[in-house]
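Comments concern the structure below.
The values are calculated or read from the model by the stated rules, or taken from the named source; none is laboratory data. Given the structure is predicted, the values throughout are model-derived calculations rather than measurements. Note: ideal-geometry Cβ built from the backbone for every residue, glycine included; neighbour counts use all protein chains shown. The protein model used for the area step is the full one, side chains on, heavy atoms only, and it has no ligands, DNA or RNA in it. Shrake-Rupley method; radii C 1.70, N 1.55, O 1.52, S 1.80 Å.
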Amino acid sequence: LADAVKFFNDTFLSEDAEEHTIPADYSYIKADVYETNMSIAGVDIANYVLACEEYPSRLIYSGLEEIRDAIYDKTEYKVPIICTSASNSYKYKIEASVSGSDVNTYSVKASNTGIKVTGGHTYSVNAGLHALAQNINNIPKKRVIDIPKNYYYSGRYDKNTTNTDGYKLV
């Protein structure tokens, strides 16, 4: 806020300001540029959100938290988790959703705009999120990480699969 007030004073109120009138359509946004050592399809992870439906299950949300923590461990940047029905308003996202006919399968697929983790049930989606977090955790610290746009894998949830926080279907 202090930076915004200083900018406003310097731009419009100081004796050195070129003009002292604020245009009716004036809009100025200054965002901090944050760069990390991790990207997806060449786009820095700081441009991403972790997205899920508006009211996610506890397993899906905890899977997103696990990914956020894995990314933070590698980059010291905390990707925000956004739970909304309007996730399409975010260009770059790591998204988790339940879809598909086989409840036990999941897929993790990257594209130019992020990663989509889908599965037929909340347990299988969490298994996909957990697997992605484990893959991130297995990358050595301080290494430059670029997940390519053709990154893809799939798997199955079964009774031996351990999910986030040690949950298992019994």
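For the range 48-64, indicate whether the set of residues that are without any contact (Cβ under 8 Å) to a residue 60 or more places away in the chain and on the phi > 0 side of the Ramachandran plot is non-empty. Checking the range 48-64: not a single residue is without any contact (Cβ under 8 Å) to a residue 60 or more places away in the chain and on the phi > 0 side of the Ramachandran plot.
Going by what's in this entry, would N47 be described as open to solvent by 30 Å² or more (accessible area, probe 1.4 Å), over 13 Å from the mean Cα position of the chain (by Cα), closer than 16 Å to I147 by Cα and at pLDDT below 95?
no
In the range 67-88, which residue that is open to solvent by 30 Å² or more (accessible area, probe 1.4 Å) and part of a helix (DSSP H, G or I) is farthest from Y167 (Cα to Cα)? Going through the qualifying residues, I end up with N88. Here's a check for you: in the range 107-144, which residue that is assigned to a strand (DSSP E or B) and open to solvent by 10 Å² or more (accessible area, probe 1.4 Å) is nearest to E35 (Cα to Cα)? Of everything passing the filter in the range 107-144, S111 is nearest to E35 (Cα to Cα).
Once the range 1-40 is narrowed to residues that are under 30 Å from K74 (Cα atoms), among the hydrophobic types (A, V, I, L, M, F, W, C) and exposed (fewer than 10 other Cβ atoms within 10 Å of the Cβ), the residue that is modelled with the highest pLDDT is L1.
Among the criteria (1) open to solvent by 90 Å² or more (accessible area, probe 1.4 Å); (2) polar (S, T, N, Q); (3) assigned to a strand (DSSP E or B), the one S154 does not fulfil is (1). Every condition in (1) within 11 Å of Y48 (Cα to Cα); (2) open to solvent by 60 Å² or more (accessible area, probe 1.4 Å); (3) charged (D, E, K, R) is met by E95 except one, and the failing one is (2).
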